[in-house]
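Each remark here refers to the structure printed beneath this line.
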Amino acid sequence: MALERIRKNDTVVVIAGRERGKTGKVLRVLHDRDRVLVEHVNLIKRHQKPRGVQSPGGIIEREASIHVSNVQPLCTKCNKPARVTTRRSGGTAVRVCRRCGQQLENA
């Protein structure tokens with residue numbers, strides 16, 4: 001689908017759903033399910049069973065995945081969500097913001 005426009009460590013903005021407007025860093029891209037894990041977005045509470053001394057258990061808050069169509073990369077120049085296109089630069093494809101033409105770097 002559109003997973004090539006979002007990569008790990010990109011800063012993204014949530015554009016749809018109850019978390020709309022929040023920004024965060026992409027922790028993981030789940031290619032097989034078209035979903036991404038974004039830091040501090042779509043938090044859920046998991047009840048964890050104790051598993052010995054190292055993990056005592058309790059209620060743990062962690063990120064749940066969000067569909068890739070609900071996030072857009074944040075352009076560093078415009079400071080706005082960017083629609084992404086690819087351009088060839090020296091034999092490699094680079095991601096470019098459609099609004100300002102700035103190359104999106106993988107931080």
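Observations, loosely collected:
- In this label model, residue 27 and residue 43 are separated by 1.1 nm, measuring between points 7 Å along each Cα→Cβ vector.
- Straight-line reach from residue 25: taking Cα to Cα under 21 Å and skipping same-chain neighbours fewer than 8 places apart, the lysines in range are 8, 45, 77, 80.
- Each 5 Å bin from zero holds the following percent of Cα-Cα pairs in the chain: 2, 12, 20, 20, 16, 11, 7, 5, 4, 3, 1.
None of the figures in this text is laboratory data; all of them are computed from the coordinates on show. These numbers come from a predicted model, not from an experiment. All Cβ positions, even for glycine, are placed from backbone atoms using ideal geometry, and neighbour counts span all protein chains on display.
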